[in-house]
Every structure is written in C-alpha cells, then in structure tokens.
Ligand code: KG4
Ligand code: ZN
C-alpha cells in the first residue's frame, strides 16, 4: 500500500572532523543504517582540528561512505525521497563538501536537499532511541563547540534558556586533557583517567554555579587546572586526581544548571545531547539528580552522541513531514555561524 512505502532520507554530516552518513525511513520512523569516519587520528598531531585537512578528507570519504551505506541497506540513490545535510554551524570548507554533494545528488534525482542546523540534529537525536522523549522537553547540548540549555516545544520551536559565556564544556575537557598530556579529543580519555583519581584530593571552582541564571563559564576551570599542574611534580597519581577534580567540577555545574532549568520551566523531561553527553560521570550524576527531583532524563545511544549523519537524516525527515521544506532551485549557501534561535 502507498502509506507503507518507505520515505528514505539520506543524512550527511560534515561540519567538523567526522564524515557521517545515514539512511532513515521517515514512514517507518526507523534508522536503517549509519556510518561515521572520524578524522581524530589525522588531527591528533596538531592538537586540534585543521580546517583545510578536514575539508580534503571529507572530499575523499563522503562518496565511498554513502555508496557503502546504500549497498549494505540494499538500496540505491533512486530510492531516496530527500537528502538532509548539515548547513551550519561549523567549518566553512567542511560544510561545503556535504552541501555540494547533497545538492548535486538531489538535483540529479529531482528530490529536495534539506539544510539542517547541526545543533537541531543533536537535540533531536534522542528521538532515535527506543526510549524516546515526547515534546516538550529541556535539552542540554554539550559538545566541543557548544554548551546550551534549550527549551524544545516541537520541531523548529527552540528557545535558548542559557549558554556558555566562554569555552564549551567539551572544549574545556579537550584543553584540560592537553594540559595532562592526553591525546585529542581528550574528553573520553580524561573521563577514564578521572575514574582512577581520588575524589576530593583537589577542589576546583564551580564557575557560575550560584549565578542564579542558566549560563555557564568554563574557561576559568582550565586556568585553575593549569595553576595546579604548574606548581606540582607530575606523576600518574597526581594527574588522575586532577582529572577527577576537573570532571567533578564540570559535572556538578552541569547538573545544577539542568536542575534549575527543570525548575524554571516546570517541564519533566530532560534530553542530553552532544559529545559530552556520552560522559559516564555526567550521566550517573544526572540520573541521581533526576531521581531526587522527579524528572526523566533521555540520552541518545552513546554512538549517536558525537557527530553523526543519523541525527541529520532524522531532522530532515521531521522537517519534510512537517512540510517545512521547499523544492526549488539548487542554489545553496552554508552558514558557519548560525544561531539556533533563528530557526523556525
Ligand atoms: O558533538 P561532538 O562530537 O562535536 C561537536 O559538535 O563539537 O562533541 C565532541 C566533544 C569533544 O570535545 C570531546 O572531547 C567530547 O565531545 N567528548 C567527551 C566524551 N566523549 C566525547 N567529553 C567527555 N566525556 C566523554 N566520554
Ligand atoms: Zn556536534
């Protein structure tokens, strides 16, 4: 029957250092498959992402990754109903690779290419989980580039409640990891090292925890770690204790602000998304706070916390279903800087 026909959406993510592709069936509301090629190893030698290298690698990876995904799913480009791609924010050159590919294929197939806001992808990503939240909810977006609390009333209905005034949480993780001699990106390694540290051996500040609003600041924390590390004899035990102090401070601030956001909005569902949302210590502390305060927390699958094409395919499918997508000529632009609040 016509109603049961799949509505296949190809999702493409190339905003930073991960090439992500995914195939989502909007009719069955099911992810058929996804694949990510991460460039982390390529950038590690530089201690951070080198934009030109990132763009060139997306060019190399994108077509074979998309072709392999379609083949594994037993589909072809002829089966696609639309293509979602990350339009911004992100690195201009990297975004252009995904946007050009999406528009070229869409033009060839006569289907819409749907530009998606990267953070919209992240904050809708828990809808891909078996245990998916209903609207409305509060979303904590914690990635390498962003730390925001957003009220989500539906697709395209986002209100910013608070955000970081300086470094993002993931950026603080990465910079602190670097100070402790760990690789890039440092979040997961720093988190593992913290597990071996003694709680309370060092106490770092909890920036803005009592500011009364929903904003964050993490750059002072990184400086506090620098002071600690500078004055001391470096050894493994010391680094583990510092890592523990850092993780405890970040987690306590994030949890306190989430609890305040739930109280301020009166909502009962919290969604956590973005790379730092994969952090085990954060998840443990949020679950405990939720049990205490009577709200529910929803996470994307761990592999869908960091950048991926699945969240972009999902957001594109939801926008297509909402009728919020026009066909039209395939002229396009990318938006390296793009406020989430500007979306509708
Ligand atoms: O969402 P994402 O993949 O990319 C951006 O859009 O930024 O997030 C990447 C960030 C990096 O800063 C990385 O260190 C951090 O997420 N991250 C973690 C963990 N896994 C990834 N931070 C803490 N603990 C983790 N387990
Ligand atoms: Zn991201």
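For the reader, a short list of remarks on this structure follows.
- Subset tally (residues that are over 15 Å from residue 120 (Cβ atoms) and either crowded, with 18+ Cβ neighbours inside 10 Å or within 13 Å of ligand 2 (Cβ to nearest atom) (or both)) for the stretch 150-178: 14
- Within the option set 266, 274, 200, being on the phi > 0 side of the Ramachandran plot and within 16 Å of ligand 2 (Cβ to nearest atom) holds for one residue only, 274.
- Residue match in the stretch 279-300 (condition: within 16 Å of ligand 2 (Cβ to nearest atom), touching a strand residue (DSSP E or B) at 6+ places or on another chain (Cβ under 7 Å) and outside any helix (DSSP H, G or I)): yes
- If you filter the stretch 11-31 down to residues that are part of a loop (DSSP other than H, G, I, E, B) and within 16 Å of ligand 1 (Cβ to nearest atom), you find that the one that is farthest from residue 84 (Cα to Cα) is 17.
- Exactly one residue among 232, 210, 249, 240 is in a helix (DSSP H, G or I), out of contact with any strand residue (DSSP E or B) (no Cβ under 7 Å at 6 or more places or on another chain) and away from ligand 1 (no atom under 15 Å from the Cβ), and that residue is 240.
- Taken together, the residues in the stretch 129-170 that are touching a strand residue (DSSP E or B) at 6+ places or on another chain (Cβ under 6 Å) and either within 16 Å of ligand 1 (Cβ to nearest atom) or closer than 18 Å to residue 207 by Cβ (or both) amount to 13.
- Candidate set: the stretch 32-45, residues that are touching a residue at least 24 places away in the same chain (Cβ under 8 Å) and over 30 Å from residue 80 (Cβ atoms); chosen: the one surrounded by the most Cβ atoms within 10 Å (Cβ to Cβ): 43
- Residue 192 meets the conditions (1) surrounded by fewer than 20 Cβ atoms within 10 Å (Cβ to Cβ); (2) more than 16 Å from ligand 2 (Cβ to nearest atom); (3) part of a loop (DSSP other than H, G, I, E, B) in every case but one. The failed one is (3).
Residue by residue, here is whether (1) under 21 Å from residue 249 (Cβ atoms); (2) surrounded by 15 or more Cβ atoms within 10 Å (Cβ to Cβ); (3) out of contact with any helix residue (DSSP H, G or I) (no Cβ under 8 Å at 6 or more places or on another chain); (4) outside the structural domain of residue 169 (by TED's automatic domain parsing) holds:
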residue: 261; (1), (2), (3), (4): yes, yes, yes, no
residue: 269; (1), (2), (3), (4): no, yes, yes, no
residue: 281; (1), (2), (3), (4): yes, yes, no, no
residue: 309; (1), (2), (3), (4): no, yes, yes, yes
residue: 322; (1), (2), (3), (4): no, no, yes, yes
residue: 332; (1), (2), (3), (4): no, yes, no, yes
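The values are calculated or read from the model by the stated rules, or taken from the named source; none is laboratory data. Not measured: the values here are computed from a predicted model. Quick reminder, even Gly has a Cβ in these numbers, built from the backbone with ideal geometry, and neighbours come from all protein chains shown.
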